1. Out of region 77-101, which residues are assigned to a helix (DSSP H, G or I) and either on the phi > 0 side of the Ramachandran plot or at pLDDT 90 or above (or both)?
2. Check region 71-78 and report whether any residue there is surrounded by fewer than 19 Cβ atoms within 10 Å (Cβ to Cβ) and either of a type in the set (Phe, Trp, Tyr) or under 18 Å from residue 431 (Cα atoms) (or both).
3. Kindly evaluate residue 252 against the criterion of being modelled with pLDDT under 90 and either crowded, with 22+ Cβ neighbours inside 10 Å or touching a Cys at 6+ places or on another chain (Cβ under 6 Å) (or both).
4. Please list, ordered by first then second residue, the pairs with beta carbon atoms under 9 Å, 6 or more apart or interchain, first in region 63-76 and part of a helix (DSSP H, G or I), second surrounded by 23 or more Cβ atoms within 10 Å (Cβ to Cβ) and of a type in the set (Ser, Thr, Tyr).
5. If we scan region 419-442, do we find a residue that is under 30 Å from residue 300 (Cβ atoms), at pLDDT 90 or above and assigned to a loop (DSSP other than H, G, I, E, B)?
6. Filter region 225-249 down to residues that are among the small types (Gly, Ala, Ser) and over 19 Å from residue 133 (Cβ atoms) and give me whichever is modelled with the highest pLDDT.
Amino acid sequence: MPQTSVVFSSILGPSCSGQGQPGMGERGGGAGGSGDLIFQDGRLISGSLEALMEHLVPTVDYYPDRTYIFTFLLSSRVFIPPHDLLARVGQLCVEQRQQLEAGSEKAKLKSFSAKIVQLLKEWTEAFPFDFQDEKAMAELKAITHRVTQCDEENGTVKKAISQMTQSLLLSLAARSQLQELREKLRSPAMDKGPVLKAKPPAAQKDILGVCCDPLVLAQQLTHIELERVSSIHPEDLMQIVSHMDSRDKHRCRGDMTKTYSLEAYDNWFNCLSMLVATEVCRVVKKKHRTRMLEFFIDVARECFNIGNFNSMMAIICECAAPGVPLRCCGARLPPPSPCLSPPAAGMNLSPVARLKKTWSKVKTAKFDVLEHHMDPSSNFCNYRTALQGATQRSQTANSSREKIVIPVFNLFVKDIYFLHKIHTNHLPNGHINFKKFWEISRQIHEFMTWTQVECPFEKDKKIQSYLLTAPIYSEEALFIASFESEGPENHMEKDSWKTLRTTLLNRA
């Protein structure tokens, strides 16, 4: 997998000024140049696409701030495909080279070439997938060929280009292999579940037979979370804002290819939720169901303590007590997001939530605390406070254990999505609203920092195998199991149960 942690830490600091680094000089004005860039308190807030592209390209006396490089390369794909941007960068390089060659200034020419290679190095390290496209790779080769023409004496630029190219190819190969591996993995099998039980089935293996320690299970869930979230890259998250803008002529790369990494991570959340519901609903004895519910509440609490909010949300969404339809409260990304699935409907009739006799035996004090943390009031204010606390702990941590922050992914996506929807891409004067993209970039950078944490817990293959491959019931099967455990209590439930029975008998 590409090593991006160093790149991110060096690219984005606490502020995003968009100015050149001290001592690196300033880009000159001119038509389409810095005159089309607007600054406010020293911070770049808007500019034409042409001016923003020119601000990216170094000169003899100027090198763009790394915060700007990352933010522009990340956001530019909303307006222009990466290979087209690369072609424009190449064109600007040629124009500058011709001016320097006309002046016969070899020293300046070499300095300029070195800066171009540095820019390309940062680009290939932060966004290697931009170069998977044959057009982009052809443009990269064309630019590097031009800049090496001035380095025939000592070969330093050629050496840097060779190292950059090798690292890029390794990154692309690693990502390709990872995607192939992910595609081979199958989601847990969808079990049809019980079919009108006449008597309790034979003893079945359940999660408690594999792991009865809530902390250990929370640690294994954290392992899975970090492994899966690490396959998400900055450009993947920009797919969230890849809708067609009325002034733009194309869609971002995410609309043209599979949003595989986002969908895969979202599917993991769904599978974990359904697995929890399956483990609870398929239990025949009420005493055992009660124990199962209390176990998962303890697991969710341990996830919270670790900083694994995504697994915690997946668990308590399905463990919601009667009258607490958490999944309907907006935790899931609402349509029309292009990347993730819409919210499940009717969770107020959840097969788990309706088990009132079982819930009456559960000690819910711990669950009440978790429910408070995930209260959807005021846009999940309590959760955001807890997330902020975990973030601060991570920033001052001395161990990997304290650095873990795994946010509720669908809430994070929702924040990015609505930030995009609330603020326009273009201002009335036609400029790109770069202030918007600074904020999107900041949030994505923070998320990427969390994904780079190495999991400190020992992996238990047996537990992880169960979590990833155990059969899960379909929604229909969950209701059947739930009704068989605790019969319908009102007319609506009786009608649903009758419909389910009829459907099953007709299938038989």
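1. Initial filter on region 77-101 (assigned to a helix (DSSP H, G or I)): 82-101.
The answer is 82, 83, 84, 85, 86, 87, 88, 89, 90, 91, 92.
2. Here is the first cut: in region 71-78, the ones surrounded by fewer than 19 Cβ atoms within 10 Å (Cβ to Cβ) are none.
No: zero hits.
3. Numbers: modelled with pLDDT under 90: yes; either crowded, with 22+ Cβ neighbours inside 10 Å or touching a Cys at 6+ places or on another chain (Cβ under 6 Å) (or both): yes.
In short, yes.
4. Qualifying pairs under 9 Å: 67/441; 70/441; 71/441; 72/441; 74/441; 75/441.
5. no
6. Start the filter on region 225-249 by keeping residues that are among the small types (Gly, Ala, Ser), which leaves 230-231, 242, 246.
Okay, now just the ones that are also over 19 Å from residue 133 (Cβ atoms), so 230-231, 246.
Numbers: 230: 89, 231: 86, 246: 36.
So, considering only residues that are among the small types (Gly, Ala, Ser) and over 19 Å from residue 133 (Cβ atoms), the one modelled with the highest pLDDT is 230.
For every residue, the table says whether it meets (1) surrounded by fewer than 22 Cβ atoms within 10 Å (Cβ to Cβ); (2) among the aliphatic types (A, V, I, L, M).
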residue	(1), (2)
277	no, yes
281	no, no
286	yes, no
291	yes, no
296	no, no
300	no, yes
303	no, no
307	no, no
315	no, yes
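The values are calculated or read from the model by the stated rules, or taken from the named source; none is laboratory data. This one's a predicted model, so the numbers in the text were calculated from it and none came from an experiment. Positions of Cβ are generated from backbone atoms using ideal geometry, with glycine treated the same way; all protein chains shown enter the neighbour counts.
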